[in-house]
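Asker: Below is one structure. I have some questions about it.
The values are calculated or read from the model by the stated rules, or taken from the named source; none is laboratory data. Everything numeric in this text was worked out from a predicted model, so none of it was measured. Glycine gets a Cβ as well: all are built from the backbone with ideal geometry, and neighbour counts include every protein chain shown.
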Amino acid sequence: MKYCPRCGVELAEDAQRCVLCGQSAVSEKPEVAEAAGVSYPSSAGAAGSFSDVEIGADAFASVVRNSLSEAERRRVAVELLAVSFGGALIITILFDVFTNRGFTWSLFSSLGIVSAWMLCAMPLVLFGYPWILYAVMAPFLVLSVFLFTVFSGTLGSFLHYGLPISLAFDGIVAGIMAIMGAFKRRGLNAMAVFLCGIALFCFVVEFVVDLNVYKAPAPGWSVIVAIALVPAAGLLFYLHYRIVDQASLRKLFRL
């Protein structure tokens, strides 16, 4: 159990500071005589304390925020996201049911809300575990595309377009993550890898569309995208490995 040496109140075991005065928590219980009659700090300082004038919602939130660890902050953020997106999900479903006597457009809005929550919350839940995050989000992308085609009554388009394009996207993302993990230093080279990934994805999209529409690949706009992005990626690689690593930008541009 932790205690506040100023207020004498009991705090949570993992508390770093007192939520009342901002004083650093201690493990030993202070004497009642020492705790009683002690005035609060007169101004905010390094310990996170605040004066009587500053006591209020903002000051209290500041002390609480400073007393939370990074993991606790992420957990609070996930809870807030769950409440926000969950409320929006319930409202849209109820509105659709009461106005249309069934599930119509709310199927698509629900899919969008759940997808948005996954994109926002999963990086916080799996912070520090990029490959586990990928293992969760990659199949979720395929599932989302599948559900969209089911809701819209175009399941055939999933097999011809949605499945190959979503699998290609997952594969390109995995490749980018693997390349990024091999970099000892990330900077402009990371931007270059992203540009190459975008160019490759555009080529895959056009290839899939051409096979289903024209029964044969006919590269067109994806080639233009590659011509624009690949040289830019090459320039970024050059700047990273030949210039930035060997000379500071301040000296290079005489800043």
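Asker: Search the range 226-246 for residues that are at pLDDT 90 or above and pair each with any residue that is β-branched (Val, Ile, Thr) when their beta-carbon atoms are under 7 Å apart and the residues are at least 6 apart or on different chains.
Answerer: Partner pairs satisfying both residue conditions: LEU229/ILE198.
Asker: Turning to a different aspect of this structure: Is it the case that the range 127-135 has a residue that's modelled with pLDDT under 95 and within 22 Å of SER110 (Cβ to Cβ)?
Answerer: Taking every residue of the range 127-135 in turn, none turns out to be modelled with pLDDT under 95 and within 22 Å of SER110 (Cβ to Cβ).
Asker: Which numbered condition in (1) crowded, with 16+ Cβ neighbours inside 10 Å; (2) hydrophobic (A, V, I, L, M, F, W, C); (3) at pLDDT below 80 is the only one that MET1 fails?
Answerer: Just one mismatch for MET1, condition (1).
Asker: Looking only at residues in the range 142-201 that are within 20 Å of the chain's Cα centre (by Cα) and of a type in the set (D, E, K, R), which one is surrounded by the fewest Cβ atoms within 10 Å (Cβ to Cβ)?
Answerer: This residue is ARG186.
Asker: Which condition does GLY156 not pass, out of (1) over 24 Å from PRO231 (Cα atoms); (2) modelled with pLDDT of 95 or more, if it passes all the others?
Answerer: Condition not satisfied by GLY156: (2).
Asker: Additional query: Which number in (1) farther than 26 Å from LEU80 by Cα; (2) touching a residue at least 24 places away in the same chain (Cβ under 8 Å) marks the one condition that LEU155 misses?
Answerer: Condition (2) is where LEU155 drops out.
Yes/no matrix, rows are residues, columns are (1) on the phi < 0 side of the Ramachandran plot; (2) assigned by TED's automatic domain parsing to the domain that holds VAL114; (3) touching a helix residue (DSSP H, G or I) at 6+ places or on another chain (Cβ under 6 Å); (4) not small (Gly, Ala, Ser):
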{"residue": "SER152", "(1), (2), (3), (4)": "yes, no, no, no"}
{"residue": "GLY162", "(1), (2), (3), (4)": "yes, no, yes, no"}
{"residue": "ALA218", "(1), (2), (3), (4)": "yes, no, yes, no"}
{"residue": "TRP221", "(1), (2), (3), (4)": "yes, no, no, yes"}
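Asker: While we're on this one: Would you check which residues across the range 4-29 are among the hydroxyl-bearing types (Ser, Thr, Tyr) and surrounded by 15 or more Cβ atoms within 10 Å (Cβ to Cβ) and list them? Step through it out loud before you land on a result.
Answerer: Going residue by residue through the range 4-29, those that are among the hydroxyl-bearing types (Ser, Thr, Tyr) are 24, 27.
Result: SER24, single match.
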